[in-house]
Amino acid sequence: MAKATIIDGKHFAARLRVSIAVQVARLKADHDLTPGLAVVLVGEDPASQIYVRNKGLQAREAGMNSFEHRLPADTSQTELLARIVELNRDSAVNGILVQLPLPKRIDPEAVIEAIAVEKDVDGFHPFNAGLLAVGGAGMVPCTPLGCLMMLKHYAGKLVGQRALVLGRSNIVGKPMAALLLREHCTVTIAHSRTRDLADECRRADILVAATGRAHMVKGDWIKPGATVIDVGINRIPTPDGKGRLVGDVDFDSAVAVAGAITPVPGGVGPMTIACLLLNTLNATCRQHGLPVPEVGPAAE
Ligand code: GUN
């Protein structure tokens, strides 16, 4: 049976980071500007600690300044908001990201809304979400942006393609649908209450799965030749007790049907951080009235 092209997100993201680093170096040489990314982590969630460390590491590798703010788990919402006000005022900081999830006591919406719109490199601020909805030039959430870049590369011309986004979160599903609409796809958003979900999926030339349910999408839900982007990162138990990361798509059955598919891990994940760096670069340029540079995965 035909086998899908496996989209190597690790390699794709590495090439994108090279292209970003070139533009960061140019910004330094031409304008004496170094993009600064502040990442705020509240508490000691092990997964979040790894994400934050990687974000700092990759920002520095791209030539940016990285400012890590690790706050204790008992930090109050008032203290966190005060820290954000400081970062909003700090001209060395061009991008601010508050790592989610936050401790239960803290209202994530209040925190996101406190971040200056022009420094909101996560693209989660309602103003940026609104700009995306109306087609303006705001900050776009990193995961859907990374998915779109891969689709532009692997799915051929997007115009007129039938795209199904599975999941309706503010972080992935909704912005993903808006981006695909902007590319002139015919977009459907499906979710846990959608009727005949498998049939909806089977109609899609492009399928983006962001449900948070391990192996939910089976091979026989996929249209032969479709491009499948798997945003899920789910840990499932294994006999050795260590667990294993899998996506929302049942990769083994899907790979025999799809035209191209992202693996988990090594698909969408690496693109998310690369797009965070891209947003930080673009934010820096906009804050200084400079044109946003052309950046994309460097030629192989
Ligand atoms: N936690 C998991 N993914 C993300 C992300 O993309 N941004 C933020 N702020 N927190 C996250």
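Throughout, read-outs are computed from the coordinates displayed, never taken from laboratory work. Computed from a predicted structure; not experimentally measured. Please note: Cβ atoms are built from the backbone with ideal geometry, for glycine as well, and neighbour counts cover all protein chains shown.
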| Assigned charges on the beta-carbon of Lys, Arg, Asp, Glu; segment 153-274 dipole about Cα centre (debye) | 300 debye
| message | Report for the chain the percent antiparallel among DSSP-assigned beta bridges with both residues inside it, nearest 5. | response | 10 percent
| Packing-based ranking, highest mean first, of 99-108, 270-279 given that Cβ atoms within 10 Å are counted | 270-279, 99-108
| task | Select from 63, 187, 38 the residue farthest towards the positive end of the dipole of the chain; place +1 on Cβ of Lys and Arg, -1 on Cβ of Asp and Glu, and compute about the Cα centre. | result | 187
| task | Compute the acute angle (0 to 90°) between the alpha-carbon long axis of helix 77-89 and the principal axis of greatest extent of the alpha-carbon atoms of the chain; round to the nearest 10°. | result | 70 degrees
| query | What number comes out for the charge environment of residue 96, summing +1 per Lys or Arg and -1 per Asp or Glu over other residues with Cβ under 13 Å away? | reply | -3
| Summing +1 for each Lys or Arg and -1 for each Asp or Glu, what net charge is found among the other residues whose Cβ lies under 15 Å from the Cβ of residue 215? | -1
| remark: Rounded to the nearest 500, the 222 nm mean residue ellipticity computed for the chain from DSSP H runs (n ≥ 4, each -39500 (n - 2.57)) alone is -12500 deg cm²/dmol
| message | Pairs of alpha-carbon atoms within less than 8 angstrom and 6+ residues apart define the contacts here; what relative contact order does segment 157-262 have, in percent? | response | 24 percent
| said: Could you check the spin-label model distance between residue 288 and residue 110? Points 7 Å from the Cα along Cα→Cβ, value in nm. | reply: 3.6 nm
| query | What does a probe at residue 244 reach in segment 264-278, counting residues whose amide N is under 15 Å from the point 7 Å along Cα→Cβ? | reply | 264-266
| remark: Isolated cysteines for the chain, Cβ-Cβ cutoff 4.7 Å, are 147, 185, 201, 285
| said: As a footprinting exposure proxy, order 165, 39, 22 by other Cβ within 10 Å, with the fewest listed first. | reply: 22, 39, 165
| query | Once fully extended, how much extra length lies between residue 157 and residue 32, figured as 0.36 nm per residue of separation less the alpha-carbon to alpha-carbon distance? | reply | 41.2 nm
| message | Between helix 268-287 and the chain, what is the angle of the helix's C-alpha long axis to the longest principal axis, kept within 0 to 90° and rounded to the nearest 10? | response | 40 degrees
| query | Looking at the chain from every direction and averaging, what is the projected area of its Cα convex hull in nm²? | reply | 16.4 nm²
| query | So which lysines can residue 218 reach, going by Cα to Cα under 26 Å and dropping same-chain residues fewer than 8 places off? | reply | 3, 10, 152, 157, 174, 242
| query | Against the longest alpha carbon principal axis of the chain, how many degrees, from 0 to 90 and to the nearest 10, is the axis of helix 9-31 turned? | reply | 30 degrees
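For segment 236-300, which trypsin sites (Lys or Arg not before Pro) pass both filters: DSSP loop (anything but H, G, I, E, B) and at most 15 other C-beta atoms within 10 Å? Present the calculation step by step, with values, prior to reporting the outcome.
Details: sites: 242, 244, 286; in loops: 242.
Answer by residue number: 242.
Would you mind counting up the charge near residue 20? Only other residues with Cβ under 15 Å from its Cβ, with Lys and Arg at +1 and Asp and Glu at -1.
Taking every other residue near residue 20 into account, the sum is +4.
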| How are the C-alpha pair distances of segment 1-133 spread across 10 Å bins, as whole percents from the shortest bin up? | 11, 35, 34, 15, 4, 1
| Can you tell which of 171, 234, 22 lies farthest toward the positive end of the dipole of the chain, using +1 and -1 charges on the Cβ of basic and acidic side chains (Lys, Arg; Asp, Glu)? | 234
| Efficiency of FRET from Cβ geometry, residue 14 and residue 86, R₀ 41 Å, rounded to 0.05 | 0.75
| said: Could you tell me the relative contact order of the chain? Use alpha-carbon pairs under 8 Å, at least six residues apart, and round to a whole percent. | reply: 23 percent
